[in-house]
1. For the residue pair Glu118 and Lys48, what label-to-label distance in nm results when each label sits 7 Å from Cα along the Cα-to-beta-carbon direction?
2. According to a simple spin-label model (label point 7 Å from Cα along Cα-to-Cβ), what is the distance in nm between Asp78 and Val111?
3. Please arrange Lys73, Lys159 by counting, for each residue, the other beta carbons lying within 10 Å of its beta carbon, fewest first.
4. By counting other Cβ atoms within 10 Å of each Cβ, how are Ile34, Ile117, Ile100 ranked from fewest to most?
5. Could you give the length gained by full extension between Arg91 and Ser65, i.e. 0.36 nm per residue of separation minus their alpha carbon distance, to one decimal place?
6. How do Ser82, Ser138, Ser125 rank when sorted from fewest to most other Cβ atoms within 10 Å of their own Cβ?
7. Which of the GluC sites (Glu not before Pro) across segment 59-124 are loop residues per DSSP, with 14 or fewer other Cβ within 10 Å?
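Computed from the coordinates by the stated procedures, all read-outs in this text should not be read as laboratory data. Because the structure is a prediction, the values reported are computed rather than measured. Cβ placement follows ideal geometry from the backbone for every residue including glycine, while neighbour counts extend to all protein chains displayed.
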Amino acid sequence: MKLAVRTMMSLMLALAPGLAGAQATDPGDDKTVIFAKDDPEMAVATAKALASLDEFLALAEAPPSGTDRFKLKVEVLDGNVSEHFWVIPFRRTETGFVGILANQPEAVRNVVLGQNIEFTRDDVSDWGYRRDGRQVGSFTVCVMFKRMSQEEADYLRDKSGYDC
């Protein structure tokens, strides 16, 4: 019997202002949902995010009025275990990016919440930011909502400004 490889995706919806994005406002806001590594809906969401990554990065470098909380979701590998985390804030470096891990790891043990991590463009799986209080991007989050109860997804959408 072949064991399906699974990946964990962190949701983290709302960030506490003034905490450099390293903590959720409520521990209940940081959800982890497990997906098969080859989940077709997640693959489409990731492809959509990566197709528009350059535009997002340009916007993040010169944020227009009314925008904030720019974030990247990155995959962290620990042996054969994979987990995706939001990194908030982040900045470009000569070799890629560096930023603060904004979710509590559940599967990988080589990183911790609040740690500065370095990563490359190849590690990025999603991006997002807020514009006038509404979420833009965060394509993987919209897929994650489909795997939650309707009540929980509606609550989190309304609380955090997602339009999916």
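1. 3.4
2. Distance between label points: 1.1 nm.
3. Numbers: Lys73 28, Lys159 14.
The order, fewest Cβ neighbours first, is Lys159, Lys73.
4. Numbers: Ile34 13, Ile117 18, Ile100 21.
Going from least to most buried by this count: Ile34, Ile117, Ile100.
5. Numbers: separation 26, 0.36 × 26 = 9.36 nm, distance 1.91 nm.
Gain on extension, Arg91 to Ser65, equals 7.4 nm.
6. Ser82, Ser125, Ser138
7. Those satisfying the criteria are Glu94, Glu106.
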